1. For the subset of the range 45-77 comprising residues that are part of a strand (DSSP E or B), open to solvent by 50 Å² or more (accessible area, probe 1.4 Å) and modelled with pLDDT of 75 or more, which member is nearest to THR107 (Cα to Cα)?
2. Identify, please: which residue in the range 178-211 is under 20 Å from VAL149 (Cα atoms), touching a Gly at 6+ places or on another chain (Cβ under 9 Å) and of a type in the set (A, V, I, L, M, F, W, C) and is, among those, surrounded by the fewest Cβ atoms within 10 Å (Cβ to Cβ)?
3. Which residues, taken from the range 410-425, are open to solvent by 50 Å² or more (accessible area, probe 1.4 Å), in a strand (DSSP E or B) and over 15 Å from TRP367 (Cα atoms)?
4. Starting from residues that are modelled with pLDDT of 80 or more and under 14 Å from PHE69 (Cβ atoms), keep the ones in the range 82-97 and report whichever is farthest from the chain's Cα centre (by Cα).
5. Could you please find all residues in the range 439-451 being on the phi < 0 side of the Ramachandran plot and either among the small types (Gly, Ala, Ser) or surrounded by fewer than 16 Cβ atoms within 10 Å (Cβ to Cβ) (or both)?
6. Take ALA430 and tell me if it is surrounded by 14 or more Cβ atoms within 10 Å (Cβ to Cβ), assigned to a strand (DSSP E or B) and more than 33 Å from the chain's Cα centre (by Cα).
7. Filter the range 215-228 down to residues that are modelled with pLDDT of 90 or more and open to solvent by 70 Å² or more (accessible area, probe 1.4 Å) and give me whichever is nearest to the chain's Cα centre (by Cα).
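The values are calculated or read from the model by the stated rules, or taken from the named source; none is laboratory data. Bear in mind that the values here come from a model prediction, so they are computed numbers and not experimental data. When we count neighbours, we look across all protein chains shown, and the Cβ atoms used for this are built from the backbone with ideal geometry, even at glycine. Side chains are part of the model used for accessible areas, which takes the heavy atoms of the whole protein and leaves out ligands, DNA and RNA. Shrake-Rupley method; radii C 1.70, N 1.55, O 1.52, S 1.80 Å.
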Amino acid sequence: MKLIGKLLTWLIVAILVIIIALYLLLQTRWGAGWITGWINSHSEYHIAFDKMDHRFSSPSHLELLNVTFGRNGKPATVVAKRVNIGLSSRQLTDPLHADTILLQDGTLNLSPDTASLPLQADSLRLENMAFNSPRTGWDLSAQRVNGGVAPWLPKAGKVLGDKANFQISAGSLTLNDIPASNVLVQGNIDGEQVTLSTFGADVAQGSMTGNARRSADGGWHVDRLRLNDIRLQSDKTLSAFLYPLTTLASLTLEQVDITDARLQGPDWAVTDLDLSLRDLTLRGDSWQSEDGRLSMNASEFIVGSVHLFDPIVNADLTPQGVTLRQFTSRWERGMVRTSGSWLRDENRLVLDEVALAGLEYTLPDNWKALWMQPLPAWLESLTIGRLSLSRNLVIDIDPTFPWQITSLDGVGNQLQLVKNRQWGAWSGNATFNGAAATFNRVDVRNPSIAFNANASAITISELSAFAGKGLLEATAVISQLPGRQAKVSLNGRAVPVNVLQQWGWPEIPLAGDSNLHLTASGAISATELLKPSVNARLQVTDSKGQKLEQTIRNGEVSSAPAPASPAPAANTAPAP
């Protein structure tokens, strides 16, 4: 027994000597280098520090100087000038679980290539640290980071663990290429749920404050978000800029307020934006709302070729769709005003009234192609209860057939302009008139048109204009059925004999003014040429009484003098 007692005594003494030797060695550069070298050669980790500092005034704290930790052959996970480890009696049963860990003046790198941290602590504190987390879905870089996490129980892929409270501030931060400064975040983690009870930052020369929470399915619920004086420039298109919102499982915005914001991208911009949004949930490309509201105004709003000045929008969001209480804007040197509703079930837009006044609008070069293209799925139908036009100028600069109408006025009632995602005049009636117009370099005065549309046909009851000294009057019927057959009857009195030449009719070998009568028919198809389907007959009598008749059969022209008969000369012009 005495021998066993002596052996135990000497074993304890030997252990104490080893501990004391390690304690003394770790406080020297040579000893710290020798011990860390042994660890590096016998594990997958790489650790290095200059020396360990320990003071009996704080016996439960160890301080490592100039620390580097990571996985062999990979970027370092932690680089810090000082690492202070607070010990407790827990080290007797769980040596890798510290009471406190303090990282000072260094960098914390977390990416798929870096090593997970093998330590745990009741509290982790950061002082003047940098933080980098690339290629993790959150491309994050932060400097001058201070704060704490309690408890700190990191796991693979979860640097903060499954359950913790945290409060972190950063002097500067960049998240997914968006820079911010003076950042403060406070909240907690509970499994897959994250609560940000408070967050704030200076962003894009402005400020951001709010609170939010993330659910276990990855959806975010923003209870409050306020953005003030934002000045943001992006190199992304508007759809690319907003795309990250569609990648979330869901995004619920309870209250969002934006004040005096200026945002700009390569094909879009908004200045002096004030926006108030309530109760909106985004899921992919869709949205839902029980009792939402949107109010917005700005100095300018640009998307592609659309440039609005002083737009004002007020709308209510409901499960059934959107009630547009007000939309007004200055556009193309004029004014636009409308109100109405969009119905979700039928993807139908119903505008109670649309008023266009004082516009000077040039049609886009590809407006005909846009007219034929199917509209987005959310716009199956568009109906305007009342359309009013006042003093508008409309221009088409197509070199093959340029035209313009000045001082265009008009009214329309119950006009269905979109059906099955296709533009058209599908139903309703309208009357339009202008002060003057030019169609392919032919000037006319007081052009006017009146039509009525239904499911079977568009009936043009009046189409008239003064040309030269005379008057052109026409009626037409255009079928709404797939063949799109059209019939036109045109009469001209005391009009230039070749008034129709610039509009596609062959030259007439007469001169001066004339009386004329034209009947024509053809198929207006989106996929077939018009000319081969045209059949027409034109009768012309000039001011000398000479007559000429031309016919078109399947697009081919033939002409012959009309039978001689007395006819009144075309020398009487109606008053314009």
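1. Checked the range 45-77; the qualifying residue nearest to THR107 (Cα to Cα) is ASN66.
2. LEU184
3. VAL411, ASN413, GLN414, LYS419
4. Once the filter is applied, the top-ranked residue is ILE85.
5. Matches in the range 439-451: ASP443, ARG445, SER448, ALA450.
6. Considered against the rule, which asks whether it is surrounded by 14 or more Cβ atoms within 10 Å (Cβ to Cβ), assigned to a strand (DSSP E or B) and more than 33 Å from the chain's Cα centre (by Cα), ALA430 comes out as yes.
7. Step by step, filter the range 215-228, then rank; the result is ARG226.
Yes or no, residue by residue, for (1) closer than 20 Å to ASN446 by Cα; (2) open to solvent by 50 Å² or more (accessible area, probe 1.4 Å); (3) not charged (D, E, K, R):
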{"position": "GLY468", "(1), (2), (3)": "yes, no, yes"}
{"position": "GLU473", "(1), (2), (3)": "yes, yes, no"}
{"position": "GLY483", "(1), (2), (3)": "no, no, yes"}
{"position": "ALA486", "(1), (2), (3)": "no, no, yes"}
{"position": "ARG493", "(1), (2), (3)": "yes, yes, no"}
{"position": "LEU500", "(1), (2), (3)": "yes, no, yes"}
{"position": "TRP505", "(1), (2), (3)": "no, no, yes"}
{"position": "GLY512", "(1), (2), (3)": "no, no, yes"}
{"position": "ALA520", "(1), (2), (3)": "no, no, yes"}
